[in-house]
1. With every protein chain left in place, what is the accessible area per residue of region 280-343 in square angstrom, probe 1.4 Å?
2. Let's see if you can work this out: charge +1 on each Lys and Arg Cβ, -1 on each Asp and Glu Cβ, no other charges. What is the dipole magnitude of the chain about its Cα centre, in debye to the nearest 20?
3. Please give the net charge around residue 48, taking every other residue with its beta carbon less than 10 angstrom from that of residue 48, where Lys and Arg add +1 and Asp and Glu add -1.
4. If you take the square roots of the eigenvalues of the alpha-carbon gyration tensor of the chain and sort them as a ≥ b ≥ c, do you get rounded (a/c under 1.5), prolate (a/b over b/c) or oblate?
5. Grab the other residues whose beta carbon is less than 13 angstrom from that of residue 75, score K and R as +1, D and E as -1, and report the net.
6. Give me, ordered by chain and number, the residues 5 or more places off residue 62 or on other chains with an amide H under 5 Å from its own placed amide H.
7. For the chain, what is the percent of antiparallel DSSP beta bridges, rounded to the nearest 5?
8. In deg cm²/dmol and to the nearest 500, what is the mean residue ellipticity at 222 nm of the chain if only DSSP H runs of at least 4 residues count, each as -39500 (n - 2.57), divided by the residue total?
Amino acid sequence: MKKYGKEYDKNLMKIKSGFEQKNDEFLLQSNRVVEEYLKQPKRRACKMCGKIFDDSTVCFQSHSVIYYYCTRCHHLNGEREETVSFSNSTYIEEDYNLFYNEQTIQDYLNRVQTIYKPKMDFLLDCLKEENVNENDIKVLDVGAGSGYFVKAGVMSNIDITGVEISQKQVDFGNKMLDQKLIKKIEIDETESYLKETKCNVISMIGVMEHLVDFHQILKTIKENKNIKFLYFSVPMFSFSSIFETIFQDGYNRHMSGDHTHLFTNDSIKYMNHIYDFKEISSWEFGTDMMDLYRLMMVHLSKQKTNKDLCTILNAKLLPIINNLQLIIDRSEFCSEIHMLVKK
């Protein structure tokens, strides 16, 4: 099953508007992450397929980071390696709640309903196509963050728990959930939880791009006989990547310091092949046009003589933005993919 596109309604645009309104604040936070990232050991080979970078490797630079486009599997690699210390400083020590910190339960539920419930609905629809009874579904959400996807599972009456390395996120998430469904773990405990879990579905929503031991985690999932399905979403090398490279004064939401590598359809196929994962379904949709709109608005607002163009851009672009994004989604060069694979 292949699905393309997701409509951006007023609720979603309101949630995403923070990236525009707090552009300078977010960009400063991202730059701090980049400073730490650039201290890490230099990456010599592709994170996905291990091909050594050479003179033929395509590369470009964005927000002080060089990126290498693998000529074998087409994975996009940041110039530095991830390390445990980098992950600790980025996901534990930094104020991650700057980006996800709703003040009320209603704000939290709005984000769940608008962003995460459709992800859960897609998963359940796909499992139904595989003749999996909902009562038999047991999900472990790895990298659960503040529990948005866990809450979406609770709303769908699914047996779901999560694990997360950030204590701040765990505390906030369990408070919003009003029950302790998210467990705090250390970075090096992820593998052991996956090795021992009895859950038949592993979900990683915006997590795989942050894994230090990427291949070891996937190997562990492959070897655990209890796990039948892996459901993941990952950021893709896409038009958003190019737009962010053009507008260096805009917050690089998509290809930022903590997204040290980006996937492509080809590199995902390579991953599925080496771990014997069978693709069951995929949903490709992006925020490429929203990112372009946001970056143009930020850029124009900094030009005193061109601020009136923001009004015109609003009037002309927003009414057609969903149609434009759907074209990009169908071209399969959009910023995000959701995929369910079966072992």
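The values are calculated or read from the model by the stated rules, or taken from the named source; none is laboratory data. In this text the structure is predicted, and so the values were computed from the model without any measurement. Quick reminder, even Gly has a Cβ in these numbers, built from the backbone with ideal geometry, and neighbours come from all protein chains shown. Each accessible area value is taken on the protein alone, full model and side chains, heavy atoms only, with ligands, DNA and RNA left out. Shrake-Rupley method; radii C 1.70, N 1.55, O 1.52, S 1.80 Å.
1. Values: 2960 Å² over 64 residues.
Counting only protein heavy atoms, the per-residue value for region 280-343 is 46 Å².
2. For this selection, approximately 420 debye.
3. Working: positive: 47, 51, 72; negative: 266.
Result for the local shell: +2.
4. On the way: a/c = 1.43, a/b = 1.21, b/c = 1.18.
It is rounded, given that a/c, with a ≥ b ≥ c, falls under 1.5.
5. Numbers: positive: 43, 47, 51, 72, 269; negative: 209, 266.
For residues surrounding residue 75, the net value is +3.
6. 67
7. On the way: 25 of 45 bridges.
Percentage antiparallel, nearest 5: 55.
8. Numbers: 14 runs with 140 residues, N = 343.
About -12000 deg cm²/dmol.
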